[in-house]
1. Just give me the residues in segment 314-330 being crowded, with 19+ Cβ neighbours inside 10 Å and β-branched (Val, Ile, Thr), in sequence order.
2. Considering only segment 259-277, state which residues are within 16 Å of residue 357 (Cα to Cα), open to solvent by less than 70 Å² (accessible area, probe 1.4 Å) and part of a loop (DSSP other than H, G, I, E, B).
3. Let me spell it out: the conditions are (1) modelled with pLDDT of 85 or more; (2) in a loop (DSSP other than H, G, I, E, B); (3) surrounded by 13 or more Cβ atoms within 10 Å (Cβ to Cβ), and residue 404 meets all of them except one. Which number is the exception?
4. Going by the conditions given, is residue 534 open to solvent by less than 10 Å² (accessible area, probe 1.4 Å), of a type outside the set (Ser, Thr, Tyr) and in contact with a Pro (Cβ under 9 Å, 6 or more places away or on another chain)?
5. Listed residues 209, 256; which is open to solvent by less than 20 Å² (accessible area, probe 1.4 Å) and among the basic types (Lys, Arg)?
6. Of the residues 441, 515, which is touching a Leu at 6+ places or on another chain (Cβ under 6 Å) and assigned to a loop (DSSP other than H, G, I, E, B)?
7. Can you pull out every residue in segment 36-72 that is under 17 Å from the mean Cα position of the chain (by Cα), of a type in the set (A, V, I, L, M) and surrounded by 21 or more Cβ atoms within 10 Å (Cβ to Cβ)?
8. Any idea which residue in segment 458-501 is modelled with the lowest pLDDT, counting only those that are basic (Lys, Arg) and more than 19 Å from residue 257 (Cα to Cα)?
Amino acid sequence: MMRVRSRLALICSLLSGASLLAACSRSEPPTTGAPVTVRRLTEAQYRNAVADIFGNQIVVAGRFDPIVRTAGLLAVGAGRATITPFGVERFAALAHSIARQVVAPGNRELLIPCQPAAPAAGDDGCATLFFQQAGRLLYRRALRPDDIATPLKIARAAAAARQDFYGGLAYGLQVMLTSPEFLFITENAEADPANKDVRRLDGFSRASRLSFMLWNTTPDSTLLAAAEQGELAGQDGLEQQVDRMMGSARFKQGVRAFFTDMLSLDDFSTLEKDTLIYPAFGLAAAEDSREQVLRTLIDELVTRDSDYRDIFTTRRTFMTVPLGMVYRVPATRPGGWAPFEFAADDPRAGIQTQLSFVALHSHPGKSSPTLRGKAIRELLLCQKVPDPPGNVNFDNFNNPNSPNKTARLRLAAHATDPACAGCHKLMDPIGLALENFDGAGQIRLTENGERIDASGDLNGIKFADARGLGQAMREDPAATSCVVRRAYTYAAGRPIDKGERDWLAYLEQSFADDGYRLRPLLRRIALSNALQTISKLKPEPRAGGAT
């Protein structure tokens, strides 16, 4: 029998009766787990870790090898990411720049916990103290003697050659910053002492999962100390750390990182708009539109602790002057952000009508019901749309001389192709509801002189316009199921395993029982057995197929 991990499970194990049946049925089901992961730090995680360890004054100026999105998330793709030879050179250049900044006058007094006996010579004692302090945070675990030996040897040799203790220290720090121990989040498993049939993450690996899930950065000294002392293996110690982390200002940073990944907001780096067609949509508006949706989500789901489904219907958001020019509404605070609420008769309601969605999922010079419908299906409902076949003929849709003036009519003609019809039925009836927003997200009522029909349906629920689409999304169980699955996948850093189906069903029901609030969902995941359960390694098959 698996070890009891919660107060509810303890009660259920001791008592019985009808009054407890409902509560006990909601206790966490066991899972088979999945193998440990090895994930490359994302660019945001790398930058956050450097800032948290050495300070925001350290500039991280450089490019990173891209990570391919897997199972809908970069957090999962990081588990398959490697570092190219060119990427190694870039990480080395970054490490050199960061290390030089750390030991520079003005920073060394804050970041180096000692002074050398002679600045023009090596000092093993001071260097060791610095590497122990920084290395524990960089490697996210207790250090072994060999973790210090190599950077110390290099620091000593470089200090002697340059007659500069701090210059030598920088070379030693570079070694740590380019080590796989820093660049990759490597997990380790251990036996559960209460159940020999179960393996779990060790304390430091669990600390990393919690920190990157809730903060999107490296564990701090307090969390590492809790891991080292075994506190994360007990429910009380685990709850204390999770509640501390969720009460920190960094929690908002972590939620922002999750939705940046879930909504593919990294695609803003390649967003292009034709400025002749959309003169109001410049670089400032693009950057602000990305920030706008994150501020909206944080306000609704963290500050207000609202029902998750409300993000599809809310009129509350935030506005800047560049955004106001595109939205064609007044911005009340020049040079900054101000709370804003769209009028009751405005067609905008929900994050799917904000610029971050309708402008991002459009072409540079025109809107795209298909791209928008595909994004709703895949990003917000977790429903995969098949890729189009390679021989699709787009002439019927893209022909500028077509007698069909609106996208709805052109898509109807395009969908007569049997190779296209099936997938377009999934995307177009949703995306057409957003046709009152042009390629830059500005409101329009007509296209080529013809009035736009924004009606449609979502899984059989018919609606008249974008506001109706938002209401249909709010009522669609796929929307809440999607965020549950994405949140757990993001936390675990891997795809969901087939042995976790009961756990996902339990998590979805608990989400509903909690009023579809994000905070309880994330806390439940962070405290769960599922997040730390590791599957047993399967024996390698012998020659001839025998095991």
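The values are calculated or read from the model by the stated rules, or taken from the named source; none is laboratory data. Note that the structure is a prediction, hence the values are computed from the model and not measured. Positions of Cβ are backbone-derived with ideal geometry, glycine not excepted, and every protein chain shown enters the neighbour counts. Surface areas here come from the heavy atoms of the whole protein model, side chains and all, with no ligands, DNA or RNA. Shrake-Rupley method; radii C 1.70, N 1.55, O 1.52, S 1.80 Å.
1. Step one: filter segment 314-330 for residues crowded, with 19+ Cβ neighbours inside 10 Å, giving 314, 317-320, 322-324, 326-327.
Passing the criteria: 314, 317, 320, 326.
2. At the first step, the residues of segment 259-277 found to be within 16 Å of residue 357 (Cα to Cα) are 259-273.
Pick out the ones that are also open to solvent by less than 70 Å² (accessible area, probe 1.4 Å) and you get 259-268, 271, 273.
Listed by number, the residues that qualify are 263, 264, 271, 273.
3. (1)
4. Details: open to solvent by less than 10 Å² (accessible area, probe 1.4 Å): yes; of a type outside the set (Ser, Thr, Tyr): yes; in contact with a Pro (Cβ under 9 Å, 6 or more places away or on another chain): yes.
Taking the combined requirement at face value, the residue satisfies it.
5. Going through 209, 256 in turn, the sole match is 209.
6. So the residue among 441, 515 that is touching a Leu at 6+ places or on another chain (Cβ under 6 Å) and assigned to a loop (DSSP other than H, G, I, E, B) is 441.
7. Correct list: 41, 49, 67.
8. 498
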